[in-house]
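The values are calculated or read from the model by the stated rules, or taken from the named source; none is laboratory data. What you see is a predicted model, and the numbers here were worked out from it, not measured in a lab. Cβ coordinates were reconstructed from backbone atoms using ideal geometry, including for glycine residues, and neighbour counts include every protein chain displayed. Just the protein is used for accessible areas: all its heavy atoms, side chains included, with ligands, DNA and RNA removed. Shrake-Rupley method; radii C 1.70, N 1.55, O 1.52, S 1.80 Å.
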Amino acid sequence: MEINVSGEIFIIPRYRLKQWPQTLLGSPAVERFYRPELGMYFFDRNRSVFEYICRFYQSDDDVEFPPQFDDTVLEMELEFFKIGWSDLNKSFKTSDFEYVGRKEKAFAFFNDHKSSVFAFCYMIFEFFVIALSVVDFILEEDEAFQSFLSDQPILLEIREIGVIPLLGVLFFSVDFIARAIVTLDQRQFIMDITTWFDILALLPYYLDLASVQEEGHKEIQVLMILKIFRVARCLKIIRRSERLQIILKILGGCRWELLVMLFVWIVGALFAGSLGYVTENGLSEMLYNKTNPEFSSILESTWWAQVTMASIGYGDMYPKYGPGKLMATIVIIGSTILTAIPMTFIVRRFSLEYEKVAMKERPWKILGSEEVKMSRNSDHFQKRRFEEKCGENVCYAAVLAYRKKNATKVWQETLFTVLLREREAELINESEENLERLENANHSHTGP
C-alpha cells in the first residue's frame with residue numbers, strides 16, 4: 001500500500017496492516033482516503049509522527065513513544081489513525097514487584113523498605129540507632145557534656161558502662177550477619193561498597209576488645225585512630241537511598257576522568273613544589289644570599305603548592321623573595337588552567353550520566369492501545385521494558401539475577417504475567433464488542 005502523507009510517500013505491506021484490524025489503515029475505512037488521481041492513499045497529517053506509525057506496522061516488536069515530539073500532537077495523530085498508546089507506568093508498577101519464597105522475602109526485609117510494613121519499621125529503627133550511635137560518639141569527648149554528666153549520677157553510670165555503644169555494636173553486628181546470610185549473591189555482597197562501610201563501622205569496637213594491658217592496668221587502645229570510622233555508620237544510609245546510589249553510580253561512570261584529574265593534580269603539585277624549593281633556596285641564595293627555611297624540602301614545598309593550587313592559602317608558609325613570588329604567580333595561573341580542563345570533561349560526563357538516569361525515569365509509553373494490541377500477542381517489548389525498569393532498583397535487580405542464576409522462569413513467578421492475564425480477561429469482551437460494532441458500521445456504510 002502506497003501512502004502519501006503531506007507529500008512524503010510511505011510503502012507498507014498490506015499483510016502487515018491487516019494484522020491490526022482495529023486501526024484505521026488496517027480497516028476498510030481507509031478506502032475513504034484513496035485518491036484515484038494519485039493512485040495512492042493521501043493523508044494531510046504530520047509526516048514525522050507517521051514515520052513512527054509506519055515503524056509500528058512494520059516492526060514485530062513494539063515501538064516506544066518518541067520523546068522528541070509534543071505529547072498533544074502525537075496523541076492527536078495516534079487517535080486519528082486509531083492506534084492509541086499504552087502507558088507502561090500505569091500498567092506495570094515496579095512497586096508491586098512480588099518477592100517469592102522465604103529467602104527473597106528475608107532479603108527484602110533487610111534491603112527493601114517498600115516490601116512490607118515491618119521492613120519499613122526496621123529501616124526507621126536502623127536510622128534511629130545510627131543517629132544515636134553517632135551522637136554518642138560525638139559527645140564522648142565533649143567537655144561540656146562530661147561536666148553535665150558529672151551532675152547526673154544515673155546518666156554517668158550508664159555512660160561509664162557503655163550501654164549505648166554496646167547496643168549499637170550488637171545491633172549492627174546482628175544486622176551485618178543477617179544480611180550476609182540472606183543475601184542472594186555472596187560475591188556481590190562482598191563487592192558491595194556498603195558492606196565495607198559496615199565493616200569499618202564495626203572494626204573499632206572489636207579492636208578495643210583486642211587491646212592489651214600495660215603495667216599498672218593502664219589500658220592501651222589498639223589503633224585508636226580507627227575510632228573515627230564509627231562515623232562510617234552514617235554511610236549505611238546509602239543502601240537505603242536511591243538518590244545517593246545514583247550519585248555513586250554516576251561517580252563510578254566518571255572514574256577514569258577522576259583518576260586523570262588526580263594524576264594531573266599530583267604531577268602539578270610535585271612540579272610546583274620542586275620549583276618552590278629551587279626558587280626559595282637555590283635562586284634566592286644566589287641573588288640575595290638568603291634562603292627560606294620554610295621550604296626546607298621538596299615535600300614541604302609540595303604542601304605549599306597544594307594549598308596554593310586549591311586557592312586556600314593557609315598562610316603557614318609562603319615565598320619571601322622575588323623569584324619565589326614570580327614562581328607563585330605562575331603556579332596560581334597555571335593551576336587554574338590545569339584544574340579547569342579536566343573538570344570540564346568531568347562535568348560533561350556527569351551531565352551525560354545524569355541524563356541517562358533521567359531518561360530511564362521518564363514515563364514509558366508505547367504505540368498501540370491495550371484494545372488494539374489485544375488483537376495480536378505482542379508482550380515481548382513490555383516484558384523487556386518491565387525487566388529493565390525493575391533492574392534499576394538494586395533489590396529487584398538482585399532478585400531477578402538470583403532467579404536467573406537458579407534457572408527459574410523469571411516471568412512465571414512475577415507480577416507481569418498475573419497483570420497480563422487479568423488485563424486480557426477484562427478487555428477480551430470489550431474488544432469483541434468493538435469488533436462487532438466496527439463490522440456493523442462497515443455494513444451500514446457499504447449498504448446492502
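Inside the range 114-129, can you point out the residues that are surrounded by 16 or more Cβ atoms within 10 Å (Cβ to Cβ) and within 13 Å of Arg239 (Cα to Cα)?
Restricting attention to the range 114-129, the residues satisfying the condition of being surrounded by 16 or more Cβ atoms within 10 Å (Cβ to Cβ) are 115, 119, 123, 126, 129.
Across the range 114-129, the qualifying residues are Met123, Glu126.
Take the residues in the range 292-320 that are touching a Phe, Trp or Tyr at 6+ places or on another chain (Cβ under 6 Å) and either open to solvent by less than 60 Å² (accessible area, probe 1.4 Å) or of a type in the set (Lys, Arg) (or both), then tell me which one is farthest from Gly282 (Cα to Cα). Break it down stepwise before answering.
Residues of the range 292-320 touching a Phe, Trp or Tyr at 6+ places or on another chain (Cβ under 6 Å): 295, 298, 301, 307, 317.
Those still in the list that are either open to solvent by less than 60 Å² (accessible area, probe 1.4 Å) or of a type in the set (Lys, Arg) (or both) too: 295, 301, 307, 317.
Working: Phe295: 11, Ser301: 13, Val307: 22, Met317: 17 Å.
Of everything passing the filter in the range 292-320, Val307 is farthest from Gly282 (Cα to Cα).
Mind checking which residues of the range 1-11 are buried (at least 17 other Cβ atoms within 10 Å of the Cβ) and under 10 Å from Cys54 (Cβ atoms)?
Of the range 1-11, the ones buried (at least 17 other Cβ atoms within 10 Å of the Cβ) are 3-5, 10.
If the condition is that a residue be buried (at least 17 other Cβ atoms within 10 Å of the Cβ) and under 10 Å from Cys54 (Cβ atoms), then Ile3, Val5, Phe10 are the ones that fit.
Could you list, in sequence order, all residues of the range 49-63 that are open to solvent by 50 Å² or more (accessible area, probe 1.4 Å) and modelled with pLDDT of 85 or more?
Hits for the range 49-63 are Glu51, Arg55.
Going by what's in this entry, would Leu24 be described as buried (at least 16 other Cβ atoms within 10 Å of the Cβ), in a loop (DSSP other than H, G, I, E, B) and either in contact (Cβ under 8 Å) with a residue 24 or more places away in the chain or in contact with a Gly (Cβ under 7 Å, 6 or more places away or on another chain) (or both)?
When the stated conditions are applied, Leu24 passes them.
Collect the residues in the range 273-291 that are surrounded by 15 or more Cβ atoms within 10 Å (Cβ to Cβ) and either of a type outside the set (S, T, N, Q) or assigned to a helix (DSSP H, G or I) (or both), keeping them in residue-number order. Give the steps one after another, and end with the answer.
Going residue by residue through the range 273-291, those that are surrounded by 15 or more Cβ atoms within 10 Å (Cβ to Cβ) are 273, 275-281, 283-284, 291.
Gly273, Leu275, Gly276, Tyr277, Val278, Thr279, Glu280, Asn281, Leu283, Ser284 - these are the residues of the range 273-291 that are surrounded by 15 or more Cβ atoms within 10 Å (Cβ to Cβ) and either of a type outside the set (S, T, N, Q) or assigned to a helix (DSSP H, G or I) (or both).
Tell me, which residue of the range 321-337 that is free of Cβ contacts under 8 Å to residues at least 40 places away in the same chain and over 15 Å from Glu280 (Cα atoms) is surrounded by the fewest Cβ atoms within 10 Å (Cβ to Cβ)?
Ile337
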